[in-house]
Amino acid sequence: MKLRIAIQQKGRLKLDSWQLLASWGLRFTPEERTLISPCLNANVEVVTLRQSDIPRYVERGIVDFGIVGINVLCEQLRPVQTVQ
């Protein structure tokens, strides 16, 4: 089973998210028009979504975790666990 990570399709955190994943040693070949990017060296996939959709995907278990700004979580009040 693959670990699925949601990141922003566009926006401030997009580049920082890719850099964070790279700092963990994960390698991807991200493409602008791809919704799902498989990891080249681990059993991981990155799903790129609109930032407002990320908490809902986490809440429903579609992705295992997501990277999103705290402002999005505060606006939506979804029952998800946060890590800072």
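Condition first: surrounded by fewer than 13 Cβ atoms within 10 Å (Cβ to Cβ) and either in a helix (DSSP H, G or I) or under 12 Å from the mean Cα position of the chain (by Cα) (or both). Now tell me which residues in the stretch 17-41 satisfy that.
The answer is Gln19, Ala22, Ser23, Leu35, Ile36.
Starting from the stretch 6-32, keep only residues that are touching a residue at least 24 places away in the same chain (Cβ under 8 Å), then list their pairs with residues that are of a type outside the set (S, T, N, Q) and part of a helix (DSSP H, G or I) whose Cβ atoms are within a distance under 6 Å, requiring at least 6 positions of separation or different chains.
From the stretch 6-32, the pairs are Ala6/Ile54; Ala6/Tyr57; Gln8/Lys14.
None of the figures in this text is laboratory data; all of them are computed from the coordinates on show. Since the structure is predicted, the reported quantities are computational estimates derived from the model, not experimental observations. Heads up, the Cβs are rebuilt from the backbone with ideal geometry, glycines too, and the neighbour counts pull from every protein chain shown.
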